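Chemist: Structure provided below as structure tokens; questions to follow.
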Amino acid sequence: MENSAKNKELYQDMVKKASPDSHIFKDCVKAFIVGGIICCVGQFITNYLKELGLTQNDTGIYTSSVLIFISSLMTGLGLYGKLGKFAGAGSIVPITGFSNSVTSPAIEFKKEGFVTGLGAKIFIVAGPVILYGVLTSVIVGIIYYFIK
Amino acid sequence: MAKHIGQQSIKFEKKISIAATASTVGTKEGEGPLGKYFDVILKDAVDGEASWEKAESKIVKDTLTLAVKKAGLTMDDIDYIFSGDLLNQGTGSAYGIRDLNRPFFGLYGACSTFGESISLGSVTIESGGASKVLVGASSHFCAAEKQFRFPLGLGTQRPLTSTWTVTGDGAAVLSKNGAPPYITGITTGKIVDFGITDANNMGAAMATAAADIILTNLKDFNITPEYYDLIITGDLGYVGKELTIELLKKEGIDISNNYTDCGIEIYDRENQDTHSGGSGCACSAVTFSAYFYNKMKKNELDRILFVPTGALMSSTSVQQGESIPGIAHAVIIENHPKGEL
């Protein structure tokens, strides 16, 4: 059992064979359905708010806020984690997934204090998304400025 | 006195008795196939404490105390405690034993810790340095997830190769004099790293270490796998077990007929959604303390090779792209030690 480069390579092949793959097709179908339902809920809220006479801009903001609130509440009740286990990317990609990724560390690290725990760790999952999202938008903005 | 044998083994001359064991587990483990064997099953993850970490320390304290009680002793009879866990700086054990007022060796061998505790405890007794020692290891699913992976409430899917950290503590009282089963030898693992970097496939990272230590044990003691009624690894799960069998087959050794893994025994794969099986320090510790010790006491098993397995990475080393070093410690436990061993 010498861990030579050749044996390591052979072992990687053995591991690949022994490790079961995720059920890609089944997972895609579930993600499609749940992600679609979340979007439908969003559309439903949007239409309702428009009926109430809100502007297009305000409707978008209110709809996002409602979805974020629902997801955050569901995270607190321990339901969003279960949904995520079932739906995978279907519940991670929409804005509700982002909300879940902020709320879940906030709950988990509360015990280490509101500053050193909750405050420091709240963006542990969402932080990279925020950082690189802002960075990308700046780069795209500069490019747009020059080619406009 | 103990005799160093072969490359990595020690054969004990004293009959080091496992005088008593105790086990505490979480709700999920209690609902699993071994549920009836555990001494204490918790009602929830915090067990009346303010945090998961505090709950783990409480479990450590209660289980160690229970083991001593079951051995018909008091804490003052214990010369040393050897215990470890998965939490940073070993706080699970340190806080757990702080009120027990006994000399303490805090250990870290990741999920192989119980093997390490038994090995060092036995060596201490064999050397004449102690007559009774308390050994144990603990882990807590929620506390381990928090430290090593994602927040519990995060809606992600776990890969099928991943394992489920066992909540609980397993402990044993080792004694210079006493009834069987006896610890008759150990083979101490070296670090084996075959370049696995996927922290969600720990079975694969540890299987090479398990196969290596089983092979070394057989060579050092000049025996065949049939010498043992059962070879029991710690927490390789389904993926790791398959790989271990295959790796040893390549070395010309077939253990497929008398080999199991605690990570497979402790959960019902179909109904408990644990994917590749159980893991964590407590996986081998509670499964041995409750189930296999019981089987040995009833003479349903006479001779076993107990091999807790560990993956010695940290979340930092994984993030820095380091591969995962595996380790395994083998302990020979027998009711009727054979002269030739």
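Chemist: Within the range A:45-60, take every residue that is surrounded by 12 or more Cβ atoms within 10 Å (Cβ to Cβ) and among the β-branched types (Val, Ile, Thr) and give me the one that is nearest to A:Leu79 (Cα to Cα).
Modeler: A:Ile45
Chemist: Can you name every residue in the range B:207-222 that is in a helix (DSSP H, G or I) and out of contact with any helix residue (DSSP H, G or I) (no Cβ under 6 Å at 6 or more places or on another chain)?
Modeler: B:Thr208, B:Ala209, B:Asp212, B:Ile213, B:Ile214, B:Leu215, B:Thr216, B:Asn217, B:Leu218, B:Lys219, B:Asp220
Chemist: Which of the following residues is surrounded by 19 or more Cβ atoms within 10 Å (Cβ to Cβ) and either in contact with a Phe, Trp or Tyr (Cβ under 6 Å, 6 or more places away or on another chain) or within 14 Å of another protein chain (Cβ to nearest Cβ) (or both): B:Leu66, B:Leu87, B:Leu42? Don't jump to the end; show me each part of the working.
Modeler: Working: B:Leu66 fails: either in contact with a Phe, Trp or Tyr (Cβ under 6 Å, 6 or more places away or on another chain) or within 14 Å of another protein chain (Cβ to nearest Cβ) (or both); B:Leu42 fails: either in contact with a Phe, Trp or Tyr (Cβ under 6 Å, 6 or more places away or on another chain) or within 14 Å of another protein chain (Cβ to nearest Cβ) (or both).
From the options B:Leu66, B:Leu87, B:Leu42, the qualifying one is B:Leu87.
Chemist: Also, quick follow-up: Can you tell me which residue is farthest from B:Val318 (Cα to Cα) among those in the range B:187-207 that are within 10 Å of chain A (Cβ to nearest Cβ) and crowded, with 20+ Cβ neighbours inside 10 Å?
Modeler: Only one residue tops the list, namely B:Ala207.
Chemist: Going by the structure shown, is B:Ala204 modelled with pLDDT of 95 or more and part of a helix (DSSP H, G or I)? Walk me through it before giving the result.
Modeler: Details: modelled with pLDDT of 95 or more: yes; part of a helix (DSSP H, G or I): yes.
Judged against the criteria, B:Ala204 is a match.
Chemist: Name the residues in the range B:272-328 that are farther than 22 Å from B:Ala71 by Cβ, part of a loop (DSSP other than H, G, I, E, B) and of a type in the set (A, V, I, L, M, F, W, C), would you?
Modeler: Within the range B:272-328, B:Leu312, B:Met313, B:Ile324 qualify.
Chemist: Is there a residue being touching a strand residue (DSSP E or B) at 6+ places or on another chain (Cβ under 6 Å), under 21 Å from B:Ile183 (Cβ atoms), of a type in the set (Val, Ile, Thr) and part of a loop (DSSP other than H, G, I, E, B) anywhere in the range B:100-121?
Modeler: no
Chemist: In the range A:110-126, how many residues are at the interface with another protein chain (Cβ under 7 Å from one of its Cβ atoms) and more than 12 Å from B:Pro151 (Cα to Cα)? Explain how you work it out, then say what you get.
Modeler: Here is the first cut: in the range A:110-126, the residues at the interface with another protein chain (Cβ under 7 Å from one of its Cβ atoms) are A:111, A:125.
Add one more test, that the residue is more than 12 Å from B:Pro151 (Cα to Cα), and what stays is A:111.
Total meeting the criteria: 1.
Chemist: Taking only the range A:72-109 into account, find how many residues are over 16 Å from A:Val34 (Cβ atoms), at the interface with another protein chain (Cβ under 10 Å from one of its Cβ atoms) and without any contact (Cβ under 8 Å) to a residue 24 or more places away in the chain.
Modeler: The total comes to 6.
Chemist: Here are B:Glu226, B:Glu251, B:Glu246: which of them is without any contact (Cβ under 8 Å) to a residue 60 or more places away in the chain, more than 11 Å from chain A (Cβ to nearest Cβ) and either in contact with a strand residue (DSSP E or B) (Cβ under 6 Å, 6 or more places away or on another chain) or surrounded by fewer than 17 Cβ atoms within 10 Å (Cβ to Cβ) (or both)?
Modeler: Working: B:Glu251 fails: more than 11 Å from chain A (Cβ to nearest Cβ); B:Glu246 fails: more than 11 Å from chain A (Cβ to nearest Cβ).
None of the others qualify; the one that does is B:Glu226.
Chemist: Restrict the check to the range A:34-44 and report whether at least one residue is among the β-branched types (Val, Ile, Thr), under 30 Å from B:Asp198 (Cα atoms), surrounded by 13 or more Cβ atoms within 10 Å (Cβ to Cβ) and at pLDDT 95 or above.
Modeler: yes
Chemist: Another question, if that's okay. Looking at the range B:147-186, which of its residues are closer than 27 Å to A:Met14 by Cα, under 22 Å from the mean Cα position of the chain (by Cα) and either modelled with pLDDT under 95 or within 14 Å of chain A (Cβ to nearest Cβ) (or both)?
Modeler: Listed by number, the residues that qualify are B:Phe148, B:Arg149, B:Thr161, B:Ser162, B:Thr163, B:Trp164.
The values are calculated or read from the model by the stated rules, or taken from the named source; none is laboratory data. Keep in mind that this is a model prediction, so the values were computed, not measured. As a convention, Cβ positions derive from the backbone with ideal geometry for all residues, glycine included, and neighbour counts pool all protein chains shown.
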